[in-house]
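The values are calculated or read from the model by the stated rules, or taken from the named source; none is laboratory data. Fair warning: this is a prediction, and the values are worked out from it, not measured in the lab. Positions of Cβ are backbone-derived with ideal geometry, glycine not excepted, and every protein chain shown enters the neighbour counts.
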Amino acid sequence: MIPDRGSRSKATLEKRLAREMGRCIADFELIERGDRVMVAISGGKDSYTLLHLLERARHRAPVRFDIIAVHVDQGQPGYDGTALEAWLDEQGYEHQIVRKDTYRIVTDVIPEGQTYCSLCSRLRRGILYNAAQRLGCTKIALGHHRDDAIETLMLNMMFNGTLSAMPAKLVSDDGRNTVIRPLLYSSERDIAAYSELLDFPIIPCNLCGSQENLWRQQVKEMLDDVEKRAPQVRESMLAALKNVRSSHLLGSS
């Protein structure tokens, strides 16, 4: 029987994403023998893809490691994690749901009309760090991809005056946790297409996702516009993050 176009597309995308993830893991030594990896699953396309691909890699990897999926219910209005929990059960993943009402904290602290993303993510990160310690996890895997890293680089240059992005591996300030980003070589476009083909039960973020004119979205649109004239711009910018010539920057001695 000849596979249909959808099956071929899924297989092709999965092969490419798996290859990119494997290369990222190898380049930065993200996973080691005996690791217990917490996959922070937000309910978005990126974290679903990461969990799905890591589980498949786990069965083929030359080193043994374990996975546990952790989802944080932050108490947002209209939140319904039923489909996510059902999917985790159906797929047979070890998982935990951590419920913390950070929504009230964020909306109390941040004035209406301003973006909630920064504080929301910091609170969520603290919850995940504590959960990782409680569950005996050696690594926390996040679903950030190539586009996230590039957009963060541009935002930091534009508003913080720093040349910094998202590292593939980061040890927390207190030294207790190691964060890894295995999807940093993969494009958001491929991840979105793969997520749609696998029909993951997406949980929309209605807290910051509903706010208009976020600078990250504007940077994304700007890159889309440049990409029409320079198709390799995102690949080139990702390569630049690994090809730093500090002697050609103002901060060099």
Single match in 197, 184, 170 (criterion: assigned to a helix (DSSP H, G or I) and either modelled with pLDDT of 90 or more or within 26 Å of residue 88 (Cβ to Cβ) (or both)):
197
Given (1) closer than 22 Å to residue 166 by Cα; (2) in a helix (DSSP H, G or I), where does residue 108 come up short, assuming only one miss?
(1)
Using the structure shown, decide if residue 63 is buried (at least 16 other Cβ atoms within 10 Å of the Cβ), at pLDDT below 95 and among the β-branched types (Val, Ile, Thr).
no
Examine segment 8-31 for a residue that is over 18 Å from the mean Cα position of the chain (by Cα), of a type in the set (S, T, N, Q) and either more than 22 Å from residue 138 (Cβ to Cβ) or modelled with pLDDT of 95 or more (or both), and state whether such a residue exists.
yes
Restricting attention to segment 31-38, does a residue exist that is surrounded by fewer than 16 Cβ atoms within 10 Å (Cβ to Cβ), outside any loop (DSSP other than H, G, I, E, B) and touching a residue at least 60 places away in the same chain (Cβ under 8 Å)?
yes
Out of 134, 122, 146, report the one residue that is over 21 Å from residue 49 (Cα atoms), of a type outside the set (A, V, I, L, M, F, W, C) and at pLDDT 95 or above.
134
Taking segment 129-165 and keeping residues without any contact (Cβ under 8 Å) to a residue 40 or more places away in the chain and buried (at least 20 other Cβ atoms within 10 Å of the Cβ) leaves none
State yes or no: is residue 218 assigned to a helix (DSSP H, G or I) and at pLDDT below 95?
yes
Count of segment 81-93 residues which are surrounded by 12 or more Cβ atoms within 10 Å (Cβ to Cβ) and either of a type outside the set (S, T, N, Q) or within 15 Å of residue 40 (Cβ to Cβ) (or both)
7
